[in-house]
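The values are calculated or read from the model by the stated rules, or taken from the named source; none is laboratory data. These numbers come from a predicted model, not from an experiment. No Cβ is skipped: glycine too gets one built from the backbone with ideal geometry, and neighbour counts run over all protein chains shown. SASA here: full protein model, heavy atoms, side chains in, ligands and nucleic acids out. Shrake-Rupley method; radii C 1.70, N 1.55, O 1.52, S 1.80 Å.
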Amino acid sequence: MLVRACLFFALLIPAQGGLEPYSGISFGGKVMSGVFPLRSSGVSTKPVVVAAEKVLAGLSEDERKAVAFAVEDDHWRQWDNRSGMQKHGLSLYDLSAEKRELVLAMLKESLSAKGLERSRNIMRLDETLGELTGRPAYGEWRYRLSVFGTPSVTEPWGWQINGHHLNINYFVLGDQVVMTPTFMGTEPAVATTGKFAGTKALQDEQDRGLAFMRSLPAELQAKALLSSEKGLTNNVAEAYKDNVNLDFAGLKASSLNASQRNALLDLIREYVGNMRDGHAKVKMSEVEKHLDDTWFAWIGSTAVDGVFYYRIQSPVILIEFDHQQAAALRQNGPTRQHIHTVVRTPNGNDYGKDLLRQHHELHKH
């Protein structure tokens with residue numbers, strides 16, 4: 001059954017190289033223009049540039065060829081959270097410990113302390129999954145690095161980490177950063193045995209989401225609830241879903257009081273806060289600007305141990321959290337041991353594409 005299910009889902013996802021032209025996540029069938037202006041964020045990206053330069057300098061010539069892509073390359077869009085489906089970039093598994101440390105140092109300069117810890121815990125739990133299943137395709141270092149363009153404090157460039165349950169796209173233009181799509185998942189969510197026993201992932205996103213929903217009065221919960229029946233998978237904006245169109249649904253934030261609005265912002269900050277603190281503050285200022293046009297939706301149980309899906313939509317961010325059907329670990333139905341989360345920038349700016357378009361219009365190459 002597991003093999004048959006994997007084949008079914010593989011059929012739903014386009015083969016690499018067969019991508020439709022990019023337009024971006026839209027709401028109500030329209031991509032809004034002018035949402036993401038070129039401007040100075042006031043937060044230096046120099047530390048990320050220096051760390052990326054050290055990564056490249058530490059690689060062999062063949063390794064640099066494997067890791068390097070043009071900044072406009074469509075390999076940005078070919079990230080894939082399914083184990084073993086990552087075909088481009090440089091495998092961390094094949095690198096020496098010293099070279100891996102250079103990559104981790106780049107992540108440290110790009111992410112917050114919490115974002116780095118989350119990323120590393122997801123990688124470690126993939127090692128746990130390998131221990132539990134005996135499958136060598138799962139492992140702490142089964143991830144690939146790609147660098148798009150040349151690290152620069154003025155010209156567009158970026159990096160991508162691509163692997164099972166961790167996919168980060170990090171675009172840089174001057175001192176502006178776009179860190180989407182970001183996919184973070186895990187199976188299991190908590191390691192009870194093995195090398196990384198005690199490691200957990202995505203528990204804050206789970207617990208904060210449930211706490212927010214349960215804190216709402218009954219009439220607001222009813223507005224947020226799309227269905228009490230949880231499907232095996234409810235996420236809609238995962239890999240190869242760059243052009244998904246969604247209608248706004250659920251509870252509109254303009255209906256919330258000040259305390260409830262702050263609680264919703266705290267939940268959004270749980271995801272945005274994976275970025276380095278300065279750029280996370282810049283992104284949260286965008287989120288707050290559009291808070292009245294933000295929607296919160298829920299599917300599934302609100303019991304303390306329930307399984308559920310929730311979605312946050314605004315003109316500047318899309319967040320999904322989903323308890324999914326067990327995949328590698330056999331279990332019927334959605335489970336708290338298999339979690340998928342995804343963060344997107346709607347209206348054409350995933351992968352920094354709208355910023356890149358504006359840059360090219362200003363600087364004809």
Subset of segment 326-365 [farther than 13 Å from Asp242 by Cβ and assigned to a loop (DSSP other than H, G, I, E, B)]: Ala326, Ala327, Ala328, Leu329, Arg330, Gln331, Asn332, Gly333, His363, Lys364, His365
Close pairs (9 angstrom Cβ cut-off, 6 or more residues apart or separate chains): without any contact (Cβ under 8 Å) to a residue 12 or more places away in the chain in segment 256-283, hydroxyl-bearing (Ser, Thr, Tyr) and in a helix (DSSP H, G or I) anywhere: Ser259/Ser215
Qualifying residue in segment 187-207 (condition: assigned to a strand (DSSP E or B) and over 19 Å from His338 (Cβ atoms)): no
Residue under evaluation Gln86, criteria (1) in contact with a Lys or Arg (Cβ under 6 Å, 6 or more places away or on another chain); (2) buried (at least 21 other Cβ atoms within 10 Å of the Cβ); (3) modelled with pLDDT of 95 or more; (4) within 20 Å of Val343 (Cα to Cα), criterion not met: (3)
Given (1) under 30 Å from Ala52 (Cβ atoms); (2) in contact with a Lys or Arg (Cβ under 9 Å, 6 or more places away or on another chain); (3) of a type in the set (Lys, Arg), number of the condition Lys200 does not satisfy: (2)
Leading residue by the ranking (surrounded by the fewest Cβ atoms within 10 Å (Cβ to Cβ)) among those in segment 283-342 that are among the polar types (S, T, N, Q) and more than 30 Å from Ala191 (Cα to Cα): Ser285
Residue in segment 59-74 that is closer than 25 Å to Tyr271 by Cα, open to solvent by less than 50 Å² (accessible area, probe 1.4 Å) and under 20 Å from the mean Cα position of the chain (by Cα) present: no
Test: His365 is modelled with pLDDT of 95 or more, open to solvent by 40 Å² or more (accessible area, probe 1.4 Å), more than 23 Å from the chain's Cα centre (by Cα) and within 24 Å of Pro156 (Cα to Cα): no
Enumeration of residues in segment 292-323 that are assigned to a helix (DSSP H, G or I) and within 27 Å of Lys230 (Cα to Cα): Asp293
Candidates Val55, Val48 - the one that is in a helix (DSSP H, G or I), open to solvent by less than 70 Å² (accessible area, probe 1.4 Å) and more than 29 Å from Val316 (Cβ to Cβ): Val55
Of all residues in segment 18-34 being touching a helix residue (DSSP H, G or I) at 6+ places or on another chain (Cβ under 8 Å) and surrounded by fewer than 17 Cβ atoms within 10 Å (Cβ to Cβ), the one that is nearest to Tyr93 (Cα to Cα): Leu19
Pairs with Cβ under 8 Å, 6+ apart, first in segment 73-90 and of a type in the set (A, V, I, L, M), second in a loop (DSSP other than H, G, I, E, B): Leu90/Leu59
Residues that are among the basic types (Lys, Arg) and more than 21 Å from the chain's Cα centre (by Cα), drawn from segment 75-102: Lys99, Arg100
